[in-house]
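Structure record follows, encoded as structure tokens.
The values are calculated or read from the model by the stated rules, or taken from the named source; none is laboratory data. Keep in mind that what you see is a predicted model, and the values were worked out from it rather than measured. Positions of Cβ are generated from backbone atoms using ideal geometry, with glycine treated the same way; all protein chains shown enter the neighbour counts. Areas reflect the complete protein model, heavy atoms only, side chains present, ligands, DNA and RNA absent. Shrake-Rupley method; radii C 1.70, N 1.55, O 1.52, S 1.80 Å.
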Amino acid sequence: LPDNSEEPRSVDPRDWLGLARDTAFLFTYQAVGAAVLFALPSSVSNWTSQNKDASFEKWWENVQNPRWDDDGWAVNYLGHTYFGATYYTRARERGFGQLDSFVYAAFASALYEFGVEAFFEPPSYQDLIITPVGGALLGGFVFEPMRDWVKKKPELKWYDHAILIATDPIGALNYLA
């Protein structure tokens, strides 16, 4: 008799295609963010006219010479942690586990540091560390429980939507696209 019993196949909950699409949009958002920094005065962006003189030669020099940056505390620790948490959250929303989401946050950080931003300044060691580590902590211990709590509500108020947008702006923007 033929054996018709098949072992149940495990379904991969990770939405690879969705995360790839999100990453393509993210790269665009990062380029727009760099353009905004480029347009801001040096007193805000810390980019001098020398930084703003972008070229592929400068990019190549910068990616080969990462350094510790001298950005302020708010930028290095608050800003990068927040963006890391949004990267982490985006991967979690696409069904990735905690470790995979941490790796994605590290990848997204490196994409910016060695991609768009390297046209203007060398990649920053502390940004490459703080973004995924702080992001995974903030995303995993604050954003994720907060999002789960909001999603369990039978009816969402305007501030619930604001929480969901603030904790996953990439997903919110991508939803509009």
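Based solely on its DSSP helices, what 222 nm [θ] is calculated for the chain when runs of n ≥ 4 H residues each add -39,500 (n - 2.57) and the sum is averaged over all residues, nearest 500 deg cm²/dmol?
One gets -18000 deg cm²/dmol as the mean residue ellipticity at 222 nm.
Only four residue types carry charge here, +1 at the Cβ of Lys and Arg and -1 at the Cβ of Asp and Glu. Report the dipole size of the stretch 60-177 about the Cα centre in Debye, rounded to the nearest 20.
So the dipole magnitude of the stretch 60-177 works out to roughly 660 debye.
At a 1.4 Å probe radius, carbon and sulfur cover how many percent of the accessible area of the chain?
Here carbon and sulfur together make up 66 percent of the probe-accessible area.
Rounding to the nearest 20 debye, state how big the charge dipole of the stretch 1-113 is about its Cα centre with +1 on each Lys and Arg Cβ and -1 on each Asp and Glu Cβ.
320
With viscosity set to 1.002 mPa s and temperature to 20 °C, compute the Stokes-Einstein D of the stretch 1-101, Rh being the Kirkwood radius across alpha carbon pairs; µm²/s, no decimals. Show your work: numbers first, answer last.
Numbers: Rh = 17.4 Å.
Diffusion coefficient, whole number: 123 µm²/s.
Convert each backbone phi in the stretch 52-61 into a coupling constant with the Karplus relation 6.51 cos²θ - 1.76 cosθ + 1.60 (shift: θ = phi - 60°), then list the ³J(HN,Hα) values in order as whole Hz, x for Gly and Pro.
So the J values, rounded to whole Hz, are 6, 8, 7, 7, 5, 5, 5, 4, 4, 4.
Give me a comma-separated list of calculated 3J(HN,Hα) values for the stretch 130-138, in order, Karplus coefficients 6.51, -1.76, 1.60 applied at θ = phi - 60°, integers in Hz, x for any Gly or Pro.
Working through the residues one at a time gives 5, 4, x, 5, x, x, 5, 5, 5 Hz.
Using a Gaussian network model on the chain with a 10 Å cutoff between Cα atoms, which of 43, 101, 124 fluctuates the most?
Highest fluctuation of the listed residues: 43.
Using each residue's phi in the stretch 165-170, evaluate 6.51 cos²θ - 1.76 cosθ + 1.60 at θ = phi - 60° and report the 3J(HN,Hα) Karplus result to the nearest Hz, with x for Gly and Pro.
5, 5, 8, 8, x, 5
Would you mind checking the tilt of helix 98-111 against the longest principal axis of the Cα atoms of the chain, expressed as 0 to 90 degrees and rounded to 10?
Computed tilt is about 30 degrees.
What accessible area per residue comes out for the stretch 13-119, rounded to a whole number of Å², with a 1.4 Å probe? Each step should come with its number before you reach the end.
On the way: 6050 Å² over 107 residues.
Accessible area per residue, the stretch 13-119: 56 Å².
For the stretch 22-177, go through all pairs of different Cα atoms, get the mean of 1/r, take its inverse, and jot down that Kirkwood value in Å.
Working: mean 1/r = 0.0613 Å⁻¹.
Taking every pair of different Cα atoms in the stretch 22-177, averaging 1/r and inverting gives 16.3 Å.
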